[in-house]
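Have a look at the structure below before the remarks.
The values are calculated or read from the model by the stated rules, or taken from the named source; none is laboratory data. Predicted model only: the values in this text are computed from it and were never measured. So basically every Cβ, Gly included, is an ideal-geometry build from the backbone, and we count neighbours across all protein chains shown. For the accessible areas, the whole protein counts, side chains as well, though only heavy atoms, and no ligand, DNA or RNA atoms are used. Shrake-Rupley method; radii C 1.70, N 1.55, O 1.52, S 1.80 Å.
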Amino acid sequence: HMKQLGVKFRMDAPLAVQTVGSATSTSLGASTAPFAWGRRSAPHMQARRRTASRIGQFVLELPESSWMVLDALLVAIGLAIGQRLVGTVSTGAMVEHVETWKAHLVFVGSFMLAGMVFGLYERETFWSRSRILTRTLLTAVAAVVLAYAVIYVLLYSVISRRMVCWGVGFHFVVGTSVRTWTWWLVHRVRRAVLVVGSSELFDSFRRAQD
């Protein structure tokens, strides 16, 4: 028969079930211990969790353009660092390189386009660390291929590989770190879910959380 369950959970902890009706938490194999632990925790810990939850909710509501601007800044900063280092090591080779503003424009545009193609700016990206890593990596690879095609074929110029490595590496390390921190905040957001059905349906919610 059908059972109506009131489910409250935190994304960073096992699901804790509060029953509505005749169902019991024992029949679902869940425990209400997290709620008891929460009541005994220190007030400052609860305040920290509430703050993290508010920040996570705020991050979820950010538009995609905010993350696009972040990626553009990271790529531009990485290319600037690479250009400075390359210029101090080999100034003669810089004459054959593409102009600085063109290189920045091409790589920033390539990263933003590749990010939209692979869904890097979608909200669903922040629900999984593996999704963040995979989409960031795919975006970087596709952006480099596209940027090289534009610079070598259309602009008929060259660009230092070390400069490109700095730009891509800086974006990957810092961008992935920021998105992983965002993942941590998002999983602190408290939500309430009402599950109507059998224990198998509840188990599917628990598997989806992993």
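General remarks:
- Close pairs from region 98-126: first free of Cβ contacts under 8 Å to residues at least 24 places away in the same chain and over 12 Å from L146 (Cα atoms), partner of a type outside the set (K, R) and open to solvent by less than 60 Å² (accessible area, probe 1.4 Å), Cβ under 7 Å, at least 6 apart: T100/Q83; G119/T125
- So L120, is it part of a loop (DSSP other than H, G, I, E, B) and either open to solvent by 70 Å² or more (accessible area, probe 1.4 Å) or within 14 Å of W67 (Cβ to Cβ) (or both): yes
- Region 138-184 - residue that is of a type in the set (S, T, Y) and in contact with a strand residue (DSSP E or B) (Cβ under 9 Å, 6 or more places away or on another chain) and, of those, most open to solvent (accessible area, probe 1.4 Å): Y152
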